[in-house]
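So the structure is just underneath, and the comments pick up after that.
The values are calculated or read from the model by the stated rules, or taken from the named source; none is laboratory data. This one's a predicted model, so the numbers in the text were calculated from it and none came from an experiment. A quick note on method: Cβ atoms are made from the backbone with ideal geometry, for glycine too, and the neighbour counts reach across all protein chains shown.
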Amino acid sequence: MAKRKRPGLRKKGRIWHIEKVISGYGRFRESTGETDYGRAERYFDKRVEELREISVYGERPKVTLNEAAERFLREECPPKSVERAGYALAQLLPAVGHLLIEDVYDETLRPFKDARREDGVTPGTINKELAYVRRILILAARRWRTGRQTWLAEAPLISMVRGKARKPYPLEWKEQARLLGELPGHLERMALFDVNTGLRQSELCGLRWSWEVQVPELNASVFILPEDLTKNGEERIVVLNRIARGVLESQRGNGSDFVFTYAGHPLTRLNNHAFRKARQRAGLPVRVHDLRHTFGHRLRAAGVSFEDRQDLLGHKSGRITTHYSAPDVARLQDAVDSICEQTRATVLRVVSQESVKNAPVAVRQKGSALA
């Protein structure tokens with residue numbers, strides 16, 4: 001027995017059309033755009049259900065991805081992630097931000113994915129950008145409402161870009177010297193501090209003098225990073241070896257609340273144009289995050305325990321790392337000092353402020369001295 005056709009679904013030429021009176025909505029006419037009856041039937045069922053919901057709950061608002069992204073950054077994004085999210089969305093929104101959120105799905109995102117791949121952007125970075133779109137669409141389908149109606153009926157499945165993840169690239173000592181030698185002075189000091197502390201870029205750029213805490217028993221200081229800056233949402237202790245302390249002293253008295261500045265202004269990122277040009281001149285595939293990998297790699301090579309490496313790298317461990325006793329801090333101090341031993345085999349530049357002020361312009365821009 002042949003299956004009965006849907007009342008209100010009629011074929012005109014080769015295309016199936018909807019012509020139906022829907023209770024509470026009225027007469028509705030629309031082409032399904034389908035020549036196959038099965039696909040036309042599924043489209044018919046979906047549209048009729050949507051129109052019945054509109055008659056009960058009201059019509060969904062027409063919201064662009066730009067507008068939804070603005071709400072996400074304003075209301076939903078954690079403060080410590082706003083800069084990261086804003087940067088990711090700034091890559092994506094020029095391509096698809098004008099689209100209504102109901103029109104954002106795999107096919108409309110494909111040109112963006114292809115363009116980013118052609119620009120040499122890694123799959124991991126593209127997927128981080130797509131993850132923000134996925135999060136925004138989920139919020140639009142589940143939380144954000146106008147009256148009783150959500151902004152989106154259902155969040156689509158956003159496919160991630162496939163590809164091998166880039167492996168970490170810890171620097172050898174000679175490679176470190178080459179990279180530092182190509183960096184301008186202010187970035188050189190940041191990179192040198194980073195490779196000796198393992199800070200994430202946001203932690204490095206956001207480092208403030210007010211977070212410095214003296215440890216009288218060790219005649220030294222540490223930094224306590226607040227939980228709203230760290231990735232895992234926990235306070236983090238930053239212990240300084242002699243190289244990091246040298247960099248710190250070169251920055252002290254810079255007249256800013258922030259440790260690292262340029263022309264009197266806080267630096268927002270180390271991974272800028274000057275850093276990328278420097279790594280090209282040095283012939284190295286290194287990223288800023290590889291400075292952190294280098295710190296962890298050297299700690300492991302020096303025989304530092306897994307637990308101490310976790311604490312020094314700010315990994316979530318369940319230990320209250322900022323409540324260490326002086327002996328605990330001394331142990332971590334010994335651990336970070338252990339990776340200074342090989343610095344005798346390479347040239348490291350740490351420039352004091354006084355020497356910079358008295359040096360010629362060319363030297364101030366390059367900033368070279370022995371640690």
* Answer yes or no: is there a residue in the stretch 97-107 that is in the same structural domain as residue 139 (by TED's automatic domain parsing), in contact with a Pro (Cβ under 8 Å, 6 or more places away or on another chain), surrounded by fewer than 14 Cβ atoms within 10 Å (Cβ to Cβ) and not hydrophobic (A, V, I, L, M, F, W, C). => yes
* For the stretch 27-38, indicate whether the set of residues that are in a helix (DSSP H, G or I) and under 19 Å from the mean Cα position of the chain (by Cα) is non-empty. => no
* Asked: Failed condition for residue 201, given (1) closer than 20 Å to residue 246 by Cβ; (2) touching a residue at least 12 places away in the same chain (Cβ under 8 Å); (3) not hydrophobic (A, V, I, L, M, F, W, C), with all others met?
  -> (1)
* **Residues of the stretch 227-263 satisfying the condition of being modelled with pLDDT under 90, at negative phi and of a type outside the set (Asp, Glu)** => 229, 230, 231, 232, 236
* Structure fact -> Filtering the stretch 85-143 down to residues that are part of a helix (DSSP H, G or I) and hydroxyl-bearing (Ser, Thr, Tyr) yields 87, 108, 125, 132
* Asked: Does the stretch 305-313 contain any residue that is within 19 Å of residue 169 (Cβ to Cβ), under 20 Å from the mean Cα position of the chain (by Cα) and either surrounded by 13 or more Cβ atoms within 10 Å (Cβ to Cβ) or not assigned by TED's automatic domain parsing to the domain that holds residue 83 (or both)?
  -> yes
* Would you check if residue 247 is in a loop (DSSP other than H, G, I, E, B), in contact with a Leu (Cβ under 7 Å, 6 or more places away or on another chain) and crowded, with 21+ Cβ neighbours inside 10 Å? => no
* **Odd one out for residue 274 among (1) surrounded by fewer than 18 Cβ atoms within 10 Å (Cβ to Cβ); (2) without any contact (Cβ under 8 Å) to a residue 60 or more places away in the chain; (3) touching a Leu at 6+ places or on another chain (Cβ under 8 Å); (4) within 15 Å of residue 185 (Cα to Cα)** => (2)
* Structure fact -> Scanning the stretch 56-65 for residues that are over 28 Å from residue 162 (Cβ atoms) and assigned to a helix (DSSP H, G or I) gives 56, 57
* To do: Kindly state which helices (runs of 4 or more DSSP H) lie completely within the stretch 160-206 and contain at least 1 residues that are modelled with pLDDT under 90 and of a type in the set (Gly, Ala, Ser).
  => 201-205
* Structure fact -> Residues of the stretch 207-228 being surrounded by fewer than 20 Cβ atoms within 10 Å (Cβ to Cβ) and outside any strand (DSSP E or B), in sequence order, are 209, 210, 211, 216, 217, 218, 219, 226, 227, 228
* Only listed residue being at pLDDT 95 or above, more than 30 Å from residue 203 (Cα to Cα) and not polar (S, T, N, Q), chosen from 130, 99 -> 99
